[in-house]
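Structure, as structure tokens:
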């Protein structure tokens, strides 16, 4: 292990100015290790927009790579087109084919993978769904997810393979063919898996089987928004304005008036954590051709039956016309 959870807490508490310096140092280390044969994995989202800006302030000619799945918000794709030196990739298989073969992305990658494995009878994943997994001290593991056991009965396939085939596979192929090594804009605070990855490998995972740099890993969402506001650099308009709000305890915090995330439009990962209006409701407000807000609410109310899920599945499939 390179770090501890305490290390991450300390770094997340650093000033934005210090985070900027350390992140650019990690980018420089990565760039020099591979003699400039690197690239920015650019989604057009706010995190990768900050990453691209930080990297090009040091290396103006560093290329970016964007995977055009056909499932992104139109405004996001238009924003990507405003950036120079961006290589566009496409997935090998269409969205509907991936969903029909592997299943739908529900709750999170971790939960989708657990549901998929539990349906195959895998003991480890069944233990997590039943809340029976124990840690090394004999206590109940934090990786149990019994709250989502009800999804075992959902009348369609569930898996985490969508993201791999739609995004990771094209990037992996580009890496092999170009010999370049990726720099990504993921944050450790976004999931337990990303946190554990940072603890094990740090920002620059030179020793990974697939070397990977994550120089923003110790940043928080607040840092990303503060950087955008401080620098005034353009970002995708789907986020709306960056405004100051307050937590329940009165602590000031920045937030966006538009969507809070900019992944694939029809992905349900994380929607249960969003305040209303959630991404699907915002899509309705913005006039997008989807009507799945009601179905998403029923999903997280644990009412699992064909009448609830059928419209949801149909809307996923309908989204294919955007390809």
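Rule-based calculations on the coordinates, nothing more; no lab input. All values derive from a computational prediction rather than experimental measurement. Using ideal geometry, Cβ is built from the backbone for each residue, glycine included, and neighbour counts are taken over all protein chains shown.
Taking 8 Å as the Cα distance limit and 6 or more residues as the minimum spacing, I'd like the relative contact order of the chain as a percentage.
It rounds to 22 percent for the chain.
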The value for region 128-198 (convex hull of the alpha-carbon atoms, volume per residue, Å³) is 135
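Let me know the shape class of region 161-206, please: from the alpha-carbon gyration tensor, a ≥ b ≥ c as square roots of the eigenvalues, rounded when a/c is under 1.5, otherwise prolate if a/b is greater than b/c, or oblate. Please list the in-between numbers first.
Details: a/c = 2.81, a/b = 1.43, b/c = 1.97.
Cα axes put region 161-206 in the oblate bin.
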Select from 157, 248, 19 the residue whose mean-square fluctuation is largest in a Gaussian network model of the chain (Cα-Cα springs shorter than 10 Å).
-> 248
Exposure proxy check: 82, 25, 184, 69 ranked by fewest other beta carbons within 10 Å?
-> 82, 25, 184, 69
Two-decimal Rg/Rh of region 1-124 from alpha-carbon positions, Kirkwood Rh?
-> 1.05
Rounded if a/c is under 1.5, else prolate if a/b beats b/c, else oblate: with a ≥ b ≥ c from the C-alpha gyration tensor eigenvalues square-rooted, which is region 147-269?
-> oblate
Springs between alpha-carbon atoms under 10 Å, Gaussian network over the chain: tell me which of 241, 135, 113 tops the mean-square fluctuations.
-> 135
Taking only Cα atoms of region 55-179, radius of gyration then Dmax in Å | 19.1, 53
Over the alpha carbons of the chain, what is the largest minus smallest coordinate on each principal axis, giving the biggest first in Å?
-> 53, 51, 50
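With the Cα gyration tensor of region 14-84 in hand, convert its eigenvalues to equivalent ellipsoid semi-axes via √(5λ) and list them largest first in whole Å.
24, 15, 9
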Tail fraction, Cα-Cα pairs, region 184-230, threshold 15 Å, whole percent | 42
Restricting attention to the alpha-carbon atoms of region 53-125, what are Rg (one decimal) and Dmax (integer), both in Å?
-> 17.8, 51
Rounded to whole Å, √(5λ) for the Cα gyration tensor eigenvalues of region 91-163, largest first, gives 26, 12, 9
Using a Gaussian network model of the chain whose springs link C-alpha atoms within less than 10 Å, name the residue from 55, 217, 154 with the highest mean-square fluctuation.
-> 154
